[in-house]
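One structure is given below, encoded as structure tokens.
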Amino acid sequence: MRAADYPAFLREALAPLFARKLAVPVLLLTVLLTATNIVVLKAMPQPGATELPPLFVAAAVARIGGLLVMLVAIVRLLAASPRSPWRPDAAFWLTLLASVALFALSALVDRAMGGRSDPLSMAASSMVQILIIAPVSPWLVALAVERPLAWSPRPWLRDFARWLPQLVLWAVLLVSPLAVLHSAIDLAILEDPHSRWFWPAMLFDGPLSAVVLLLGFGVNNAAYRRVARS
């Protein structure tokens, strides 16, 4: 694989993120992540509490549900999918199941690596997750965007040399460090939710978490497009 292909892959990943059609979904994603993060941290139950505060539950549900809707819409727009960005069709629900599985896998990897919250441990856990998920990334995009439904991963797990090293490299260099920074900010605020830095941290962390997701969407979309064109 030519070294010159790595910058080309990055351009393929980043260029679609600046399309005008993404302006509203990206704004909604940023507002969602910022607002729900603030409410979740402010309404966090005290240690030893036997019940979850209703506001905490409502914010957590809104965050998860809204994030899934935004995820599917943005991925479909990036991939120029024939599916409607906002329609909860069969592909949407299949993507929901895949997202739950990925969340569970992420938690298992983190637990297997000790669940420590220092930056080095979080970075190592993030990189292991990238290495596990990257090989199936084109199929995960296809689940949301293809018509007919992309039930089988087989057509999307091929030509690895054209996209897998590039995907792993840019995910490790760009997505992972920013994801670790996002987690570190949240952990710091959890330790002292009444800190004078709460509001500046939250107003920085919300857009940061949106950038992390968008970079992930971008590199996955670039890998999907390379497989689709081959």
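Ser195 falls short on exactly one of the conditions (1) closer than 29 Å to Ile133 by Cβ; (2) among the polar types (S, T, N, Q); (3) free of Cβ contacts under 8 Å to residues at least 12 places away in the same chain, and that condition is (1).
Here are some residues: Leu97, Leu157, Leu120. Which one is loosely packed, with under 13 Cβ neighbours inside 10 Å and farther than 30 Å from Val31 by Cβ? Before you say what the answer is, go through the steps one by one.
Values: Leu97 fails: farther than 30 Å from Val31 by Cβ; Leu157 fails: loosely packed, with under 13 Cβ neighbours inside 10 Å.
Result: Leu120 is the single residue among Leu97, Leu157, Leu120 that is loosely packed, with under 13 Cβ neighbours inside 10 Å and farther than 30 Å from Val31 by Cβ.
In the set (1) in a helix (DSSP H, G or I); (2) touching a residue at least 40 places away in the same chain (Cβ under 8 Å); (3) in contact with a helix residue (DSSP H, G or I) (Cβ under 7 Å, 6 or more places away or on another chain); (4) among the aliphatic types (A, V, I, L, M), Ala161 fails one condition alone, (3). Could we say that Leu52 is under 22 Å from the mean Cα position of the chain (by Cα), at pLDDT below 95 and within 26 Å of Leu102 (Cα to Cα) here? No.
Let me confirm something: among Val109, Val61, which residue is modelled with pLDDT of 90 or more and either in a helix (DSSP H, G or I) or of a type in the set (Phe, Trp, Tyr) (or both)? I'd like the intermediate steps shown before the answer.
Numbers: Val109 fails: modelled with pLDDT of 90 or more.
From the options Val109, Val61, the qualifying one is Val61.
Pick from segment 182-230 the residues that are of a type in the set (Asp, Glu) and assigned to a helix (DSSP H, G or I): which of them is surrounded by the fewest Cβ atoms within 10 Å (Cβ to Cβ)?
From segment 182-230, those of a type in the set (Asp, Glu) are 186, 191-192, 205; that's our starting set.
Imposing the further condition that a residue be assigned to a helix (DSSP H, G or I) reduces the set to 186, 191, 205.
Working: Asp186: 18, Glu191: 9, Asp205: 23.
The selected residue is Glu191.
In the set (1) closer than 26 Å to Pro138 by Cβ; (2) in contact with a Ser or Thr (Cβ under 6 Å, 6 or more places away or on another chain), Ala73 fails one condition alone, (2).
Condition check ((1) modelled with pLDDT of 95 or more; (2) of a type in the set (S, T, N, Q); (3) buried (at least 17 other Cβ atoms within 10 Å of the Cβ); (4) outside any loop (DSSP other than H, G, I, E, B)) across all residues:
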position: Ala23; (1), (2), (3), (4): yes, no, no, yes
position: Leu32; (1), (2), (3), (4): yes, no, yes, yes
position: Thr36; (1), (2), (3), (4): yes, yes, yes, yes
position: Leu41; (1), (2), (3), (4): no, no, yes, yes
position: Gly65; (1), (2), (3), (4): no, no, no, yes
position: Ala73; (1), (2), (3), (4): yes, no, yes, yes
position: Leu77; (1), (2), (3), (4): yes, no, yes, yes
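The values are calculated or read from the model by the stated rules, or taken from the named source; none is laboratory data. Remember, it's a predicted structure, so these values are computed and weren't measured experimentally. When we count neighbours, we look across all protein chains shown, and the Cβ atoms used for this are built from the backbone with ideal geometry, even at glycine.
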